[in-house]
Amino acid sequence: MTLNYKATAFAALHRGPTPLVLANAWDVASARVVEASGAPAIATTSAGVAWGLGYPDGDAVDVDRAIDLIARIAAAVDVPVTADIESGYAADAAGVGRTVARVLEAGAVGINVEDARTNADSPLRPVPEQAERLAAARAAAEAEGVELYINARTDVYLRAVGEPAERLPATLERAAAYLEAGASGIFVPGVTEPATVSELVRGIAAPVNVLVGPGAPPVGQLAELGVARISTGSSLAAAAYAVAQRAARELAGPGTYEALTGELDYGALNALFG
């Protein structure tokens, strides 16, 4: 199966009768578990990847190690892989283009690129700057002849930028500019309130991705609102680490093992790598 065939198949998942639901993976084992559960694609979580490699989330991960992990995940699964590359692992648009070329070489056919900035005066990049970075990503994919799915993430809601009444128009403005620059879809984490999600779906001329977790509307309700893509983000990795923490504390405290109840069968898990 060629890379562009996978890219086309992955893009089509955003236009199906039901949303593309992604339980984000952070290493080869989690990717294989998710694939074996019937997922039509694998998406990575930048936070989970960073934690697993020993870095904090927020553009701190070593890019070579991140790309290597993308390659190992893509080689381990048969379904399309989309990689969360934070803000592009680069200081400028040209660097984003180089990162995208490496991501494609690693075997991924989709990316998340966010407009948030770490350790900066303002939480979000200016719209023209982010549009330039997205255009560089698109140009890099076109140079490789791959229809890369660019999921352009805007953190207006997640970072609570501006007054509440200003966030919807600001998000729609950014979405329009990002699509014009070459994005395929728009990712708006930080909002799951049905009325706002409905406004986003109506106002964005492309598939809309929302971030879910405990307390968010169920998949069926989000589907009725027209959401095309639903992601768990770092929640799956955080939940796995929570199990590890509970088990470790239980062992160090009462010396019992109840936190380990329900673990995956050793043989079944091991067979995923045979």
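Computed values, structure above
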| quantity | calculated |
| --- | --- |
| First in segment 137-165 and closer than 19 Å to Ala94 by Cα, second anywhere and in a loop (DSSP other than H, G, I, E, B) and of a type in the set (A, V, I, L, M), Cβ under 7 Å, 6 or more apart | Ala141/Leu148; Val146/Val109; Leu148/Val109; Tyr149/Val109; Ile150/Ala183; Ala152/Ala183 |
| Count of residues meeting criterion [part of a helix (DSSP H, G or I) and either out of contact with any helix residue (DSSP H, G or I) (no Cβ under 6 Å at 6 or more places or on another chain) or under 17 Å from Leu211 (Cα atoms) (or both)] in segment 9-31 | 9 |
| Qualifying positions in segment 77-121 - touching a residue at least 60 places away in the same chain (Cβ under 8 Å) and in a helix (DSSP H, G or I) | Leu104 |
| Scan of segment 217-235 for residues that are assigned to a loop (DSSP other than H, G, I, E, B), in contact with a helix residue (DSSP H, G or I) (Cβ under 8 Å, 6 or more places away or on another chain) and over 16 Å from Arg202 (Cβ atoms), ordered by number | Pro217, Gly233, Ser234 |
| Flag for Ala36 being buried (at least 17 other Cβ atoms within 10 Å of the Cβ) and either modelled with pLDDT under 95 or closer than 28 Å to Ala271 by Cβ (or both) | no |
| Qualifying residue in segment 254-270 (condition: under 30 Å from Pro56 (Cβ atoms), more than 22 Å from the chain's Cα centre (by Cα) and among the charged types (D, E, K, R)) | yes |
| Some residue of segment 4-14 being buried (at least 22 other Cβ atoms within 10 Å of the Cβ) and of a type in the set (Lys, Arg) | yes |
| Those residues of segment 73-118 which are on the phi > 0 side of the Ramachandran plot and surrounded by fewer than 24 Cβ atoms within 10 Å (Cβ to Cβ), in sequence order | Tyr89, Gly107 |
| Any chance Ala248 is of a type in the set (A, V, I, L, M, F, W, C), in a helix (DSSP H, G or I) and either touching a residue at least 40 places away in the same chain (Cβ under 8 Å) or closer than 23 Å to Ala31 by Cα (or both) | no |
| Members of segment 48-64 that are out of contact with any Gly (no Cβ under 9 Å at 6 or more places or on another chain) and either within 11 Å of Trp26 (Cβ to Cβ) or part of a helix (DSSP H, G or I) (or both) | Val49, Trp51, Gly52, Leu53, Val63, Asp64 |
| Test: residue in segment 90-101 that is touching a Leu at 6+ places or on another chain (Cβ under 8 Å), small (Gly, Ala, Ser) and within 24 Å of Val79 (Cα to Cα) | no |
| Filtered residue count, segment 154-208, keeping only those that are in a helix (DSSP H, G or I) and not aliphatic (A, V, I, L, M) | 15 |
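So that you can scan it fast, the table gives a plain yes or no per residue for (1) in contact (Cβ under 8 Å) with a residue 12 or more places away in the chain; (2) under 25 Å from Arg117 (Cα atoms); (3) touching a strand residue (DSSP E or B) at 6+ places or on another chain (Cβ under 7 Å):
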{"site": "Pro19", "(1), (2), (3)": "yes, no, yes"}
{"site": "Val28", "(1), (2), (3)": "yes, no, no"}
{"site": "Val33", "(1), (2), (3)": "yes, no, no"}
{"site": "Gly38", "(1), (2), (3)": "no, no, no"}
{"site": "Trp51", "(1), (2), (3)": "yes, yes, no"}
{"site": "Gly54", "(1), (2), (3)": "no, yes, no"}
{"site": "Asp59", "(1), (2), (3)": "yes, yes, no"}
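The values are calculated or read from the model by the stated rules, or taken from the named source; none is laboratory data. Note that the structure is predicted; figures quoted are calculated from it, not measured. As a convention, Cβ positions derive from the backbone with ideal geometry for all residues, glycine included, and neighbour counts pool all protein chains shown.
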